[in-house]
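Notes for the one structure printed next.
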Amino acid sequence: MNQVTLVRGGHVLTMGPAGDLEDGAVAFADGEVLAVGPFAEIAGRFPDAPVVGDDRGVVLPGLVNAHTHLSEALLCGMGEDLTLFEWGQRLVTPAGRHLTREMARVGAMLKGAELLLSGVSCVNDMFCHTNQGSLASLGAVDGLEAMGLRGVIAFGAEDAADPWPVAEVLSEHHALAGRCAAAERIGFRLGVGTVLGQTDELLGASAAEARANGWAVHTHLAEVKEEVVQARLRWGETTIGRAGSVGLLEVPLLAAHCVWVHQQEIAALARAGAAVVHNPVANMILASGVCPVPALRQAGIPVGIGTDGPASNDSQNMLEAVKVAALLQKLARLDPRALTAGDVLAMATLEGARALGLDALIGSLEPGKRADLVRLRGDRPGLANVHDPRQQVVYCCSPADVADVWVDGVRRVADGRLVDHDLAALVEASRPLAAELITRAGLDGFSRLARPRASSRANPEPAGG
Ligand SMILES: [Zn+2]
């Protein structure tokens, strides 16, 4: 066995059988958790192990961001006044036609840094593009692997707006599956960008391909009301109904959003063993609606939390998404008990891992699981006086409180800084690619990047495509 490391916290929220520990510690070696318990006991078992942390901070499992789009990494801060359909048509779809594998790699590294620095150790990405033949989705694996993150990646294929031969779409799924298999810690799902965004031919072929290969599927479902209306006009059933009709409920399905669902659909998702990802910030920024999180969870559906993409959030600050998940339910239901700090922390760790089918590996701190953990520092205002560690992590902490992050036992953030990369260099590397993407996609109306600096004005023009 290699060197054992101990991580100590004034509070260790294991999210597992050991519960919440005061002055606790986690011991791990070779990427595997060996023991979790009171610090004095763990230090006695491993007297020679170096200790990171103290009796002030909070230690918890690495956060699981269960839904994002690294394909939007270079597009944050645009189009806040658009609805989902407008935003897709005018902003994301034009950009998706010009994404390259290099843009994907650099974007995934940039946003991977933002994820790590907000306490995320595992991210589920749906990479959406229509740059045919580019295999751009594979760049997301290149980028996440370079950052040392754990992840799952799907190619969010769509062919209704931009025709794309079905065989070629399936071939990118296979190429991505192969690239993921060659990467450490990166899993694969077959992606269906949206049910409405696919032709009937591709939708049927995608479901059949997933069944034939034993692949799990990641898609968006019932995100906005217009989606339900258009689906009923097209097929006489909702997108959840259509997903069932084509066989997508017969494979492990992870559905982002599920905002516009009725009780029978919730029951159908539960019967199918499907999982849901709630994306509160994106739902609010696009004015999509309020996901019935308590009803989904009461039905036994695992519900994770996602930031959603950098163009629909627009940050990858997972701690913010966790806080907003609780606030949105409390406000929408006028009930402060609707979703508690304990609920959202569970959703952002073990329940998110369950939604991804990774709960045997990660999501809680317990012996035998992988050593994915985050330490929040106790020397800042957020955790100065810890009355209730769960409430304090959710309501008081920000990325500035993230001291250390380990993924598979490897420290990727130390004392609030990336261990393996120069953050300023990542930012710099992204700039020419963002400018190139804006120009090629004709998004100049949304962005200052395409304009000379000297022409900047006090009052920016309203966004327009
Ligand atoms: Zn999404």
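The values are calculated or read from the model by the stated rules, or taken from the named source; none is laboratory data. Just so it is clear, the model here is predicted, and its values are computed rather than measured. For neighbour counting, all protein chains shown are included, and Cβ atoms are generated from backbone atoms with ideal geometry for every residue, glycine included. Only protein heavy atoms, including side chains, enter the accessible area calculation; ligands, DNA and RNA are left aside. Shrake-Rupley method; radii C 1.70, N 1.55, O 1.52, S 1.80 Å.
Considering each of GLU223, GLU237, GLU209 in turn, give the residue that is at negative phi and touching a residue at least 40 places away in the same chain (Cβ under 8 Å). Even if it seems obvious, please write down each step before you answer.
Numbers: GLU237 fails: touching a residue at least 40 places away in the same chain (Cβ under 8 Å); GLU209 fails: touching a residue at least 40 places away in the same chain (Cβ under 8 Å).
None of the others qualify; the one that does is GLU223.
Among the residues of the range 258-276, are any touching a residue at least 40 places away in the same chain (Cβ under 8 Å) and of a type in the set (Asp, Glu)? Yes, some residue in the range 258-276 is touching a residue at least 40 places away in the same chain (Cβ under 8 Å) and of a type in the set (Asp, Glu). The residues of the range 338-357 that are in a loop (DSSP other than H, G, I, E, B) and crowded, with 21+ Cβ neighbours inside 10 Å, listed by number, are LEU339, ALA348, THR349, LEU356. Any residue that is part of a helix (DSSP H, G or I), modelled with pLDDT of 95 or more, more than 19 Å from the chain's Cα centre (by Cα) and within 16 Å of the ligand (Cβ to nearest atom) - is there at least one of those in the range 201-219? Within the range 201-219, none of the residues are part of a helix (DSSP H, G or I), modelled with pLDDT of 95 or more, more than 19 Å from the chain's Cα centre (by Cα) and within 16 Å of the ligand (Cβ to nearest atom). Report whether or not ASP335 is farther than 28 Å from GLY244 by Cβ, more than 16 Å from the ligand (Cβ to nearest atom) and open to solvent by 30 Å² or more (accessible area, probe 1.4 Å). Answer is yes for this residue. Selection of the range 254-295 for residues being closer than 18 Å to GLU320 by Cα, away from the ligand (no atom under 16 Å from the Cβ) and out of contact with any strand residue (DSSP E or B) (no Cβ under 9 Å at 6 or more places or on another chain) yields only VAL290. The requirement of being assigned to a strand (DSSP E or B), under 22 Å from the mean Cα position of the chain (by Cα), polar (S, T, N, Q) and closer than 24 Å to ALA321 by Cα is fulfilled nowhere in the range 105-119; no residue meets it. From the list PRO310, PRO292, the lone residue that is at pLDDT below 95 and buried (at least 19 other Cβ atoms within 10 Å of the Cβ) is PRO310. Among residues of the range 49-86 being over 20 Å from the mean Cα position of the chain (by Cα) and in a helix (DSSP H, G or I), the one that is surrounded by the most Cβ atoms within 10 Å (Cβ to Cβ) is PHE85. If the condition is being of a type outside the set (Asp, Glu) and within 14 Å of the ligand (Cβ to nearest atom), then the range 122-139 contributes VAL123, ASN124, MET126, PHE127, CYS128, HIS129.
Scanning the range 217-238 for residues that are farther than 19 Å from ALA295 by Cα and open to solvent by less than 10 Å² (accessible area, probe 1.4 Å) gives VAL217, HIS218, THR219, ALA231. Selection of the range 296-307 for residues being within 13 Å of the ligand (Cβ to nearest atom) and either over 12 Å from the mean Cα position of the chain (by Cα) or at pLDDT below 95 (or both) yields an empty set. Under the condition of being crowded, with 20+ Cβ neighbours inside 10 Å, part of a loop (DSSP other than H, G, I, E, B) and among the hydrophobic types (A, V, I, L, M, F, W, C), the residues counted in the range 1-45 number 1.
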